[in-house]
Amino acid sequence: MSDVHISRIGTAVLIIAAMLIAFTGCEVDGEEKSSNAALDNLIVSQGELSPAFSSEVTSYTLSVGNEVDSITVTGTVADETAELSSVSGTEQSLTTGDNTITLTVTAEDGSIREYTVTVTREKSSNADLDNLIVSQGELSPAFSSDVTSYTVSVANEIDSITVTGSVFDETAELSSESGAAQSLSEGDNTITLTVTAEDGYSGPICQDSKSKKVI
């Protein structure tokens, strides 16, 4: 009978031990997992963080010029047992305006902390043409994006001409005169193409003066 009695006590002890583990969430060996989900450092490949990095600050901003089309944000965890999301150290493409990049740190015990960097990329001020084509005659001088005034001579029988420009920056807009047939009268005819950059800047007006010769 004593053997049976001892067996029951042992079973009860095991059940109690199991319940204690379930309620406390502790490891069998008694070690608690780390809850540290902080970063020890945060580095950007372009610009400068504002404010300066602090592990307790989780939101940052920075501004870059329009020529910067990507950025890499790299974090370092304060606790080696924590895991950092794959965004860290990976090059991120930037559009104009605000771009939010979030790094997530997951502590050993599952605690999560997010660090966000809002990168503002300036709008383009490029209002240049990449090319300028006329349907009749030949530009003088030859096209250059820095030259905004040209002349073309055509014979009297030519009563219309099309001047087509292409923008250097795809975010710029070209006035409706580009690619549209323009009627010509005898003498000088001035056709103006206006390029408006993404930031609203209108570059030097490109004027194409057509001289229609009378034969």
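The values are calculated or read from the model by the stated rules, or taken from the named source; none is laboratory data. Model, not experiment: these values are computed from the prediction. Heads up, the Cβs are rebuilt from the backbone with ideal geometry, glycines too, and the neighbour counts pull from every protein chain shown. Each accessible area value is taken on the protein alone, full model and side chains, heavy atoms only, with ligands, DNA and RNA left out. Shrake-Rupley method; radii C 1.70, N 1.55, O 1.52, S 1.80 Å.
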Going by amide H atoms built from the backbone, whose H comes under 5 Å of the H on N99, apart from near neighbours? V119, T120, R121
Averaging sequence separations of C-alpha pairs under 8 Å and six or more residues apart, then dividing by the length of region 55-201, give the relative contact order as a whole percent. 20
How large is Rg/Rh for region 83-215, to two decimals, with Cα atoms and a Kirkwood Rh? 1.35
Once both label points are put 7 Å beyond Cα along the C-beta direction, the E83-S149 separation in nm becomes 6.7
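Tally Lys/Arg at +1 and Asp/Glu at -1 over every other residue whose Cβ is under 12 Å from the Cβ of V119; what's the total?
Details: positive: R121; negative: E48, D69, D98, E122.
Local charge sum for V119: -3.
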Accessible area in square angstrom per residue, region 21-133, 1.4 angstrom probe: 58
Which cross-chain or sequence-distant (5 or more) residues have an amide H under 5 Å from the amide H of N189, H modelled 1.01 Å from N in plane? K210, S211, K212
At a 1.4 Å probe, what is the % contribution of carbon and sulfur to the accessible area of region 107-208? 41
